[in-house]
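Read through the structure below, which is laid out as structure tokens, and then see the notes.
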Amino acid sequence: MAEEWARNGLDLHLGIDRVRGLRAGLEDALRTAVRDGRLAAGDRLPSSRALAQELGVARGTVTQVYEQLTAEGYLTSRARSGVRIAPRPRPESTVSVPAVSPCPPLPGGFDLRPGFPDLSMFPRREWLAATRHVLRTMPSTAFGYGDPAGDPALRSALAGYLGRSRGVLTGPDQIIVCAGYTHALRIICQALGGTIGFEDPTRPDYPAMAERLGLGVTRLPVDADGLVVNALAGEAAVVVTPAHQFPLGVTLSPQRRRDLLDWARRTDAVIVEDDYDGEFRYDRQPVGALQGLAPERVIYAGTVSKTVAPGLRIAWLAVPVGLVPALRAVLRFDEAYVNVIDQLVLAHLIGRGDLDRHLRRCRVRYRQRRDLLGRAVAARLPAARLSGISAGLHATLSLPGCSEPELLGRLAARGVVTEGIGSFYRDARDAPPGVVIGYATPPQHAYARAIDALLAVCAGDDGVAGAVPG
């Protein structure tokens, strides 16, 4: 069997059995390509003249093959449209294979999971304008293999932006651009080793990843003042969310900040500051980054996941000077890079002030949503406790006496998807029963109905939900 390429138009790999004859072999090769899905419905085939020339056969042979396969329903042929692959019926399957997705779509339901912004607020116009500018002006050399730590333009823009907006003391050479926060945490774990502490509660995937990378892991309690620093004992590093703890929503108190920095200096340990929701504060000016108090002890981690969109997969680290070589050494063998065009687009948006303007628009909308949620809970669930509401994009709703698994099941039956507080604790028995509400997640037109449906279930109302207080 000869394997041949048709290079005019589509690259077309055909295994032609010439022993059976050119026409029969070409017919079988094209049928097989369609059946196997290598040629999809709507794909345009080369003209009979072009394919005959490429395969070294008579044009009449190819014309006869096309006519036969058209008659069989494999191809369609129209004037000025050429020969194309015909639509094929999808084979019936007796096995149902569920789609696998960490963030499945919710048709007809309400998505109140924490950790997401309102994706409809993505700054499409600004991003498009910046992309056009970047593609017009970027040098051809920028398309080559760049610095694994990130494009210099973005690292420079981030150093200035973080210093001005979050009080981070760093320079471009200390910035490392990462493909999302999980990637950032992974390279930190690979560079540091030893034992690393995580807050309890926290996202369980993060300590699980550290354990999988071979680190020792401890879980440290959180109270109304944030991380309980006195629980630290022998860790080489600790990961904290001082601006807006996830999921409890508390802010690390000034005294705890001092205690944590004293611990790091005394034990020669590293603090990893996950600046979760640091840009969104509603009762006062955002709390400055912990890193600004001890840049030699704190690795600062930030991301666009909440401010712009998680799908961009852009995060960054501001690293103490002494740790830069260790993290860069890890990057030598890491392929999770952010594409250079998106890096330059973000740098352009920062430089023009577009990111700041976008954040101001987001703060207005999210504050309105927070206020509506607070009024609705006070009116319909007076015995419940809503906390973590002063900042960020989520709040915890504690419901004394409720069964969290039963509540989540009832919510799911009403099409409301959220997460239980207990899922973030090492031991769910330590958690107050209730749910974590991502109030930024639903699109604007569905937000009031989403909160209405949530509170109707929490209040035990099995009838039609009423209106959320305005």
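What percentage of the solvent-accessible surface of segment 140-351, computed with a 1.4 Å probe over protein heavy atoms, is contributed by carbon and sulfur atoms?
On the way: 4330 of 8160 Å².
The computed percentage sits at 53.
Placing one identical point scatterer on every Cα of segment 283-372 and ignoring solvent, what is log10 I(q)/I(0) from the Debye formula at q = 0.12, 0.15, 0.20 Å⁻¹?
Results for segment 283-372 at q = 0.12, 0.15, 0.20 Å⁻¹ read -0.54, -0.81, -1.21.
Extending each Cα 7 Å along its Cβ direction at residue 41 and residue 18, get the distance between those two points in nm, one decimal.
Reported label-point gap for residue 41 and residue 18 is 3.6 nm.
Suppose all protein chains stay in the model; what accessible area per residue would a 1.4 Å probe give for segment 140-351, in Å²? Could you put the intermediate results ahead of the total?
On the way: 8160 Å² over 212 residues.
Accessible area per residue, segment 140-351: 38 Å².
Report the extension gain between residue 78 and residue 143 in nm, rounded to one decimal, defined as 0.36 nm multiplied by the number of residues separating them, less their alpha carbon distance. Show your work: numbers first, answer last.
Details: separation 65, 0.36 × 65 = 23.40 nm, distance 4.09 nm.
Result: 19.3 nm gained on full extension.
With θ set to phi - 60° and the Karplus curve 6.51 cos²θ - 1.76 cosθ + 1.60, what are the ³J(HN,Hα) couplings of segment 32-43 in order, to the nearest whole Hz, using x for Gly and Pro?
Coupling constants for segment 32-43: 4, 5, 6, 4, 6, x, 6, 10, 9, 3, x, 4 Hz.
When only Cα pairs under 8 Å and 6 or more residues apart are kept, what is the percent relative contact order across the chain?
17 percent
Above 45 Å lies some portion of the pair distances; for the chain, what is it as a whole percent of all C-alpha pairs? Kindly include the intermediate steps, with their values, before the conclusion.
Values: 33817 of 110215 pairs.
When every Cα pair of the chain is considered, 31 percent fall beyond 45 Å.
Round to a whole number: what % of the accessible area of segment 22-85 belongs to carbon and sulfur, probe 1.4 Å?
Its accessible area is 43 percent carbon and sulfur atoms.
When the convex hull of the Cα atoms of segment 242-299 is projected onto a plane and the area is averaged over all directions, what value comes out in nm²?
Details: hull surface 16.0 nm².
Directional mean of the projected Cα hull area for segment 242-299 stands at 4.0 nm².
Going by Cα centres, segment 120-194 and segment 315-348 are how many Å apart?
Segment 120-194 and segment 315-348 have Cα centres separated by 7 Å.
Taking the Cα atoms only, what angle lies between the long axis of helix 124-137 and the longest principal axis of the chain, rounded to 10 degrees?
70 degrees
Give me the Kirkwood hydrodynamic radius of segment 162-220 in Å, from all C-alpha pairs, to one decimal place?
Values: mean 1/r = 0.0771 Å⁻¹.
After inverting the pairwise mean of 1/r, the radius is 13.0 Å.
From the backbone phi of segment 433-440, what are the Karplus-calculated ³J(HN,Hα) couplings (6.51 cos²θ - 1.76 cosθ + 1.60, θ = phi - 60°) in whole Hz, Gly and Pro given as x?
x, x, 9, 9, 9, x, 7, 8
Any idea what log10 I(q)/I(0) is at q = 0.07, 0.13, 0.14, 0.19 Å⁻¹ for segment 140-351, Debye with uniform C-alpha scatterers and no solvent?
-0.19, -0.68, -0.80, -1.52
Let's test this: bin the Cα-Cα distances of segment 20-61 at 5 Å from zero up to the farthest pair and state each bin's percent.
5, 22, 26, 26, 18, 3
Two decimals, Cα atoms only, Kirkwood Rh: what is Rg/Rh over segment 100-217?
Details: Rg = 18.6 Å, Rh = 18.2 Å.
Expressed as Rg/Rh, it is 1.03.
Could you give me the ³J(HN,Hα) list for segment 273-282, computed from phi with Karplus coefficients 6.51, -1.76, 1.60 and θ = phi - 60°, whole Hz, x at Gly and Pro?
Taking θ as phi minus 60°, the curve returns 9, 7, 7, 5, 6, x, 7, 10, 10, 10 Hz for segment 273-282.
Bin width 10 Å, alpha-carbon pairs only: give the P(r) of segment 255-331 as whole percents, running from 0 to the bin holding the largest distance.
With a bin width of 10 Å, the distribution comes to 17, 43, 32, 8, 0.
Stick to the Cα atoms of segment 171-270, pair each with every other, and give me the Kirkwood hydrodynamic radius in Å at one decimal. List each step's numbers first, then the result.
Details: mean 1/r = 0.0708 Å⁻¹.
14.1 Å is the Kirkwood radius here.
Based on the Cβ-Cβ distance of residue 449 and residue 364, what FRET efficiency does E = 1/(1 + (r/R0)^6) give at R0 = 22 Å, to the nearest 0.05? Can you show the working numbers first?
Values: r = 21 Å, r/R0 = 0.95.
Here the calculated transfer efficiency is 0.60.
Each label point is 7 Å from the Cα along the Cα-to-Cβ direction; what then is the distance between the points at residue 64 and residue 228, in nm?
Modelled inter-label distance: 8.6 nm.
I want to verify the translational diffusion coefficient of segment 357-459 in µm²/s; compute it with Stokes-Einstein, Rh as the Kirkwood radius over Cα pairs, at 37 °C and 0.692 mPa s. Present the calculation step by step, with values, prior to reporting the outcome.
Numbers: Rh = 14.1 Å.
It diffuses with D of about 233 µm²/s by this estimate.
The values are calculated or read from the model by the stated rules, or taken from the named source; none is laboratory data. Every value quoted in this text rests on a predicted model; they were computed, and no experiment measured them. With ideal geometry, Cβ positions are generated from the backbone for all residues, glycine too; neighbour counts draw on all protein chains shown. We work out accessible area using only protein heavy atoms, side chains counted, and drop any ligands, DNA or RNA first. Shrake-Rupley method; radii C 1.70, N 1.55, O 1.52, S 1.80 Å.
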